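For reference, the structure discussed in these notes is given below.
The values are calculated or read from the model by the stated rules, or taken from the named source; none is laboratory data. Keep in mind it's a predicted model, so treat the numbers as computed, not measured. Note that each Cβ is placed from the backbone with ideal geometry, even for glycine, and that neighbours are counted across all protein chains shown. With ligands, DNA and RNA removed, areas are computed over all heavy atoms of the protein, side chains included. Shrake-Rupley method; radii C 1.70, N 1.55, O 1.52, S 1.80 Å.
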Amino acid sequence: MWNELKDSRLINGIIEKIGQYKLKLTLMHACGTHQETLSRYGLGSLFSKVGVTIKSGPGCPVCVTTAKEFLQIMRLAEKGKTVAIYGDCLRVPVNGRALMHFRAEGYDVRIVYSIDEAVELARSLKNDVVFMAIGFETTAPSTASTLVRDDLPKNFYVLSCHRFFLPAMIKLLELGEIKLDGIIEPGHVSAIIGYKPYEEIRKRFKIPQVISGFEPLDIVLSVYYLVKQIIEDDVKVVNEYNRVVSREGNQLALSFINKVFYPKDIEWRGFPIISSSLMAIKEKYSIHDASKQFEDIISKVQYDPSPLEKTCRCGEVLRGVIHPQACPLFGKVCNLENPVGACMVSVEGACRIYLEYSELF
Amino acid sequence: MCLGIPGKVIEKKGNVAKIDFGGLIREANVSLVNAKVGDYVIVHAGFAISKVNKREALKTIKLVKEIIESKV
Ligand code: SF4
């Protein structure tokens, strides 16, 4: 059964159906995993043959985290804290230096696979441990359900960079820089939030949406559903990913998010301040909130982009305004070994995915 | 870190389960989903965030075949 979700005969069958309508469409997905599937299976070129262009949006959590937030965690490392990060954060450069350089210089930077590992790390050390919590609704519940635990070691802190996903999508549509005919919504964020919240977007922007899984067959079927909505002039929120996403989402996970976090305004990489988009830690849990406990260190952090960083066009890539290849640094000055921007670092970053697969197609 | 991967629960002790990701076995926290041994789950950063409903997956494949065979 799982293999059929990758079956090229089925994939081509649906693509052919889409082709029959002879449309010219621009769609957007907002998830690095969707981009991975599109690139790995060469779906982008299959779609372009039938008139469908799929742009990549603000769906990479590491990429949308600002340089300033990375500087904050770097400053905490410099001040002697042990910092625990997801592997994707290790190489994100700020002014030419990434956390891996701090580690090489002897500062205590550890990679963890999950927040559970960060808690265990704190238990095993005397030093303060600060976990850099990154991600949308997919990873935020693990942070929230940890912060409510009453057995947390006192030296364990969280720097919350968690963001709500929908405000970014809404901001992007408000900015109106690109004309979109439909949106492929991220299946795993939707597994948590359900598909009711997308109704707001449907009402306000009258744009077709589909919640999509991540196998190649999921994506072509999702595009087919969008095409159907356009042909029938019937704007809906369709759930293609029925096997994982329910209308209500994961209520338990949502209840942890609501218990621990409150929405706060914050800047995103490539975006102006987006109101109510940060998951800030509520007062009740502030003894483990790094932004409160180390406010003196964090509040002093200022970010001035280097001349090279000023030319990085990650922001426009994240808003779908340009294709990574339109960045003059792409693949030359900025590459997998020497990334200039976060979009070239994260496994979900559009620049990295395009460069990694560019040799294949 | 945000890539969500489907895997099968093969053992469970409290909130921690052993998950088989196509041959690669890793532990994950299953406290956010009500998963039993034999269930498929989606794991993000060490936490299962949702179960996978196999019946719905089969329905999707059936539907795809119907669309391909349909006239329009
Ligand atoms: S290729 Fe590099 S410099 Fe250009 S936008 Fe992407 S990350 Fe930035």
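Points worth noting:
Residues are listed down the side, and each one gets a yes or a no for (1) within 14 Å of chain B (Cβ to nearest Cβ); (2) in contact with a helix residue (DSSP H, G or I) (Cβ under 8 Å, 6 or more places away or on another chain); (3) within 9 Å of the ligand (Cβ to nearest atom):
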{"residue": "A:S286", "(1), (2), (3)": "no, yes, no"}
{"residue": "A:D296", "(1), (2), (3)": "no, no, no"}
{"residue": "A:V301", "(1), (2), (3)": "no, yes, no"}
{"residue": "A:T311", "(1), (2), (3)": "no, no, yes"}
{"residue": "A:F330", "(1), (2), (3)": "no, yes, yes"}
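- When residues of region A:23-38 are limited to those that are open to solvent by 20 Å² or more (accessible area, probe 1.4 Å) and in a loop (DSSP other than H, G, I, E, B), the one farthest from the other protein chains (Cβ to nearest Cβ): A:K24
Every residue, every condition in (1) closer than 27 Å to A:I192 by Cα; (2) of a type in the set (D, E), yes or no:
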{"position": "A:G42", "(1), (2)": "no, no"}
{"position": "A:S45", "(1), (2)": "no, no"}
{"position": "A:V52", "(1), (2)": "no, no"}
{"position": "A:V62", "(1), (2)": "yes, no"}
{"position": "A:E78", "(1), (2)": "no, yes"}
{"position": "A:K81", "(1), (2)": "no, no"}
{"position": "A:I115", "(1), (2)": "yes, no"}
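- Filtered residues of region A:213-227 (kept if without any contact (Cβ under 8 Å) to a residue 60 or more places away in the chain and open to solvent by 10 Å² or more (accessible area, probe 1.4 Å)): A:Y225
- Residue within region A:197-212 that is at the interface with chain B (Cβ under 10 Å from one of its Cβ atoms), part of a helix (DSSP H, G or I) and under 29 Å from B:I5 (Cβ atoms) present: no
- Taking (1) more than 14 Å from every other protein chain (Cβ to nearest Cβ); (2) more than 8 Å from the ligand (Cβ to nearest atom); (3) open to solvent by less than 20 Å² (accessible area, probe 1.4 Å) in turn, A:H323 satisfies each apart from (3).
- Lone unmet requirement of (1) more than 8 Å from the ligand (Cβ to nearest atom); (2) within 21 Å of the chain's Cα centre (by Cα) for A:E337: (2)
- A single member of A:I170, A:I201, A:I178, A:I230 is free of Cβ contacts under 8 Å to residues at least 40 places away in the same chain, open to solvent by 10 Å² or more (accessible area, probe 1.4 Å) and not aromatic (F, W, Y), and it is A:I170.
- Just one of (1) open to solvent by less than 20 Å² (accessible area, probe 1.4 Å); (2) of a type in the set (G, A, S); (3) at the interface with chain B (Cβ under 10 Å from one of its Cβ atoms) fails for A:S246. It is (1).
- 2 or more residues surrounded by fewer than 22 Cβ atoms within 10 Å (Cβ to Cβ), more than 9 Å from chain A (Cβ to nearest Cβ) and among the aliphatic types (A, V, I, L, M): qualifying strands (runs of 3 or more DSSP E) within chain B: B:5-13, B:24-29
- Number of the condition not met by A:S190 [criteria: (1) open to solvent by 10 Å² or more (accessible area, probe 1.4 Å); (2) over 30 Å from A:A122 (Cβ atoms)]: (1)
- Selection within region A:17-36 - closer than 23 Å to A:E316 by Cβ and in contact (Cβ under 8 Å) with a residue 40 or more places away in the chain: A:L25, A:T26, A:L27, A:M28, A:H29, A:A30, A:C31, A:G32, A:T33, A:H34, A:Q35, A:E36
- Restricting attention to region A:71-82, the residues that are touching a residue at least 40 places away in the same chain (Cβ under 8 Å) and open to solvent by less than 10 Å² (accessible area, probe 1.4 Å) add up to 3.
- Annotation for region A:47-55: no member residue is within 14 Å of another protein chain (Cβ to nearest Cβ), over 30 Å from A:F164 (Cβ atoms) and aliphatic (A, V, I, L, M).
- Search result, residues across region A:340-350 that are out of contact with any strand residue (DSSP E or B) (no Cβ under 6 Å at 6 or more places or on another chain) and either within 9 Å of the ligand (Cβ to nearest atom) or part of a strand (DSSP E or B) (or both): A:G341, A:A342, A:C343, A:V345, A:G349
- Unique match (being under 30 Å from A:Y285 (Cβ atoms), hydroxyl-bearing (S, T, Y) and within 19 Å of the chain's Cα centre (by Cα)) among A:Y198, A:Y157: A:Y198
- With respect to (1) farther than 25 Å from A:L175 by Cβ; (2) open to solvent by 10 Å² or more (accessible area, probe 1.4 Å); (3) in a helix (DSSP H, G or I); (4) more than 13 Å from every other protein chain (Cβ to nearest Cβ), the lone exception for A:G44 is condition (1).
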